[in-house]
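The values are calculated or read from the model by the stated rules, or taken from the named source; none is laboratory data. All of these numbers come straight from a predicted model, not from anything done at the bench. Reconstructed Cβ throughout: ideal geometry from the backbone, glycine too, with neighbour counts over all protein chains shown. Remember, those area values only see protein heavy atoms, side chains included, never the ligands or the DNA or RNA. Shrake-Rupley method; radii C 1.70, N 1.55, O 1.52, S 1.80 Å.
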Amino acid sequence: MKNLKKKIIYLLFFLSIGNQLLFAGEKEKIIQKINETNSIKFNFTQKTNEHVEEGFCILLFPKKLKCIYNNNNKDLILNNNKLAIIQKRYNKIYFYPTSRSFFYNILDKNELIKIINISKLNIFNDEIHLTSNDTNKNKITILFKKTNYDLLGWKIEDQFKNNILFSIDINSTNEVINSDIFEIPKLN
């Protein structure tokens with residue numbers, strides 16, 4: 001009986017080491033894919049609690065993102081440390097500090113890799129979920145496709161318990177992007 005208990009303990013120990021090595025390998029493949037990616041063009045669906053918006057984005061590493069929302073005359077531009085929401089129908093621009101935005105960490109390769117390294121990894125069907133908490137008490141889960149390690153989006157639960165799901169469908173990667181498109185316009 002004692003030998004059976006020892007064998008079970010050894011088996012559980014080796015299975016846990018095997019899972020840790022598997023998960024470490026998955027993280028390394030994701031990091032390699034991120035390091036090989038300079039730009040992404042993608043369609044998105046953003047669900048904030050029950051409110052759903054869709055559109056198209058262009059991401060240029062590091063920290064440049066332009067999203068054009070369908071059907072509501074709204075653009076989002078992140079250009080390094082400036083985050084602006086442009087409400088065209090009201091002719092207004094709203095500025096937000098990037099320190100309060102999850103975009104800041106996800107759109108910088110070095111910060112994204114830090115998040116990946118400290119995240120808890122789970123695999124669900126064809127998706128890899130990497131979950132961690134940021135310094136503002138937001139729970140961040142970054143989603144990747146298991147078969148090719150493409151970014152699928154992210155889920156945020158912020159400090160106010162708002163749930164944000166930003167799903168992406170990649171159209172192209174590593175296209176040359178003119179950085180002028182990330183300039184924040186001046187409205188009249």
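Listing for the model above:
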{"quantity": "Within the accessible area of the stretch 51-91 (1.4 Å probe), percent carbon and sulfur", "calculated": "46"}
{"quantity": "Derived scalar couplings ³J(HN,Hα) [the stretch 159-164; Karplus, 6.51 cos²θ - 1.76 cosθ + 1.60; whole Hz; x for Gly, Pro]", "calculated": "4, 9, 6, 6, 10, 10"}
{"quantity": "Accessible surface, per residue, of the stretch 59-102 when the full set of protein chains is kept, probe 1.4 Å, Å²", "calculated": "56"}
{"quantity": "Solvent-accessible area, 1.4 Å probe, carbon plus sulfur percent, for the stretch 129-188", "calculated": "46"}
{"quantity": "Straight-distance crosslink candidates among aspartates and glutamates, where the alpha carbon sits under 12 Å from residue 82 and sequence neighbours closer than 8 are dropped", "calculated": "183"}
{"quantity": "Which listed pairs, of 64/137; 74/137; 120/146, have C-alpha distances above 20 Å, in listed order", "calculated": "64/137; 74/137"}
{"quantity": "Cut-off 15 Å between beta-carbons: net charge of the residues surrounding residue 179, Lys and Arg +1, Asp and Glu -1", "calculated": "+2"}
{"quantity": "Sparse-neighbour loop sites [GluC sites (Glu not before Pro); the stretch 88-188; at most 15 other C-beta within 10 Å; DSSP]", "calculated": "175, 183"}
{"quantity": "From phi via Karplus (6.51, -1.76, 1.60), per-residue ³J(HN,Hα) for the stretch 41-58 in Hz, x at Gly/Pro", "calculated": "10, 7, 8, 9, 10, 10, 10, 10, 6, 9, 8, 10, 10, 9, x, 9, 10, 10"}
